[in-house]
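The values are calculated or read from the model by the stated rules, or taken from the named source; none is laboratory data. These numbers come from a predicted model, not from an experiment. Using ideal geometry, Cβ is built from the backbone for each residue, glycine included, and neighbour counts are taken over all protein chains shown.
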């Protein structure tokens, strides 16, 4: 299992692996928004939590279709399905690799990008915490979407349409955590709900993803 | 390694259309079986069904758990990983150890640090077959294993299969090319071709859908 994780990480950082793609996209969004909205600090500070979370979410979405597509095309997925490790473990490792290459860089870089949007005081802390708790759910849910659309030519758009509604609860509670944190209010409830969504996704979705892949390999 | 593969009265379908029915055979340790038949008869589908990638329509397949090493048309190689990285990944997945003898057996020694993406088609195929050797599984299921291999490599492949049979393994191969494995038995799949449904196939499904 660890071998699969290491292989995926290695593939991601090699040429054409797409590492940093999500991060670059996130940077573009956070740089462009002030140009579009105007430089007025109060407005930016107000919308910063939402924009940062939407940007992180879209950045996550960007690399989802690669999770299984490449393995499907070169036949590795067939071979992994007949290998001794269970498919549930395969999809869990795939999701973990996706989070390490997309979600984790976003968590680390988000406070820096927060400066561009004039995020206030406490917000930096809550942004990092909420992204750290929320982005694993984005990767796991996205892996499920990728498993559903594996084998479809140009399945990327369908994947986005399938996955975006499932991302909404994470987005709501993630952005809410940052907003409340910035305004100095209690953040316990949204943070707990965010963590709950992540925990439930990690516990349940690998089984659904593995089942979807089994059907799609037929 | 002691694994019997017994297939009884198997019926399989491709894309929802039955292709083979009534397939029965036994593959004992130390034996090789070559599947033959015209294009589209269902050789690949049969191998995928036996490998557990799709369910059969009817019939039973009995064999020990985790006995199969499947090799399809695609080699499952990662272009941006080197030859040894590709092999060591599969060795780790199958939980087997060294792959140095495998590199030698498939004549990949000189290519070990090359990226898989820069290999020729035949070299990729050899690397794909080397994966079987690191799998340590007793029953090999090979789909067109010698496509794009030159004569010398086909001989290497035959040698590897013979060594595998000698260790009590078995091999099931779908191919059109003479493999040079004299002891292999041949199973012609053409007689097992599924009869078309009486009302011409599709019409039946429609009837069911609107019933």
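Here are some notes:
- Residues of the range B:120-140 that turn out to be at pLDDT 85 or above and either on the phi > 0 side of the Ramachandran plot or in a loop (DSSP other than H, G, I, E, B) (or both), as a count: 3
- Residue match in the range B:120-133 (condition: over 11 Å from residue B:69 (Cβ atoms), in contact (Cβ under 8 Å) with a residue 12 or more places away in the chain, in contact with a strand residue (DSSP E or B) (Cβ under 8 Å, 6 or more places away or on another chain) and surrounded by fewer than 23 Cβ atoms within 10 Å (Cβ to Cβ)): no
- Matching option when the condition is within 14 Å of chain A (Cβ to nearest Cβ) and under 18 Å from residue B:7 (Cβ atoms), among B:65, B:74: B:65
- Residues being surrounded by fewer than 17 Cβ atoms within 10 Å (Cβ to Cβ) and either within 14 Å of another protein chain (Cβ to nearest Cβ) or at pLDDT below 90 (or both) - total across the range A:167-218: 10
- Among the residues here, residue A:141 does not qualify as more than 12 Å from the chain's Cα centre (by Cα), away from every other protein chain (no Cβ under 14 Å) and part of a helix (DSSP H, G or I).
- The range B:148-166 residues that are touching a residue at least 24 places away in the same chain (Cβ under 8 Å), paired with ones that are assigned to a helix (DSSP H, G or I) and exposed (fewer than 13 other Cβ atoms within 10 Å of the Cβ) (beta carbon under 6 Å, 6 or more apart): B:148/B:121
- For the range B:51-68, a residue qualifies if it is in contact with a strand residue (DSSP E or B) (Cβ under 6 Å, 6 or more places away or on another chain) and either buried (at least 17 other Cβ atoms within 10 Å of the Cβ) or part of a loop (DSSP other than H, G, I, E, B) (or both), and the qualifying residues are B:51, B:56, B:57, B:59, B:63, B:67, B:68.
- Residues located in the range B:42-61, provided they are farther than 16 Å from residue B:194 by Cα and more than 13 Å from chain A (Cβ to nearest Cβ): B:60, B:61
- Yes/no for residue A:92 being under 30 Å from residue B:129 (Cβ atoms), more than 14 Å from every other protein chain (Cβ to nearest Cβ) and in contact (Cβ under 8 Å) with a residue 60 or more places away in the chain: yes
- Residue within the range B:20-41 that is touching a residue at least 60 places away in the same chain (Cβ under 8 Å), within 14 Å of chain A (Cβ to nearest Cβ) and surrounded by fewer than 20 Cβ atoms within 10 Å (Cβ to Cβ) present: no
- Scanning the range B:78-102 for residues that are part of a loop (DSSP other than H, G, I, E, B), at the interface with chain A (Cβ under 7 Å from one of its Cβ atoms) and more than 19 Å from residue A:69 (Cα to Cα) yields a single hit, B:95.
- Restricting A:119, A:159, A:164, A:148 to residues that are modelled with pLDDT of 90 or more and under 29 Å from residue A:44 (Cβ atoms) narrows the list to A:164.
- Filtered by the rule that a residue be closer than 15 Å to residue A:150 by Cα and either touching a residue at least 40 places away in the same chain (Cβ under 8 Å) or in contact with a helix residue (DSSP H, G or I) (Cβ under 6 Å, 6 or more places away or on another chain) (or both), the range A:71-89 gives A:71, A:72, A:77, A:78, A:80, A:81, A:87.
- Residue match in the range B:107-119 (condition: in a loop (DSSP other than H, G, I, E, B), at the interface with chain A (Cβ under 8 Å from one of its Cβ atoms) and at positive phi): no
- For the range A:80-89, the count of residues that are crowded, with 18+ Cβ neighbours inside 10 Å, part of a helix (DSSP H, G or I) and more than 13 Å from chain B (Cβ to nearest Cβ) is zero.
- Flag if residue A:22 is part of a helix (DSSP H, G or I), surrounded by fewer than 21 Cβ atoms within 10 Å (Cβ to Cβ) and away from chain B (no Cβ under 14 Å): no
- In the range B:141-151 there is at least one residue matching the filter, namely being in a helix (DSSP H, G or I) and either modelled with pLDDT of 85 or more or surrounded by 23 or more Cβ atoms within 10 Å (Cβ to Cβ) (or both).
- Residues in the range A:25-42 that are surrounded by 14 or more Cβ atoms within 10 Å (Cβ to Cβ), free of Cβ contacts under 8 Å to residues at least 40 places away in the same chain and either within 14 Å of chain B (Cβ to nearest Cβ) or farther than 22 Å from residue A:96 by Cβ (or both): A:29, A:37.
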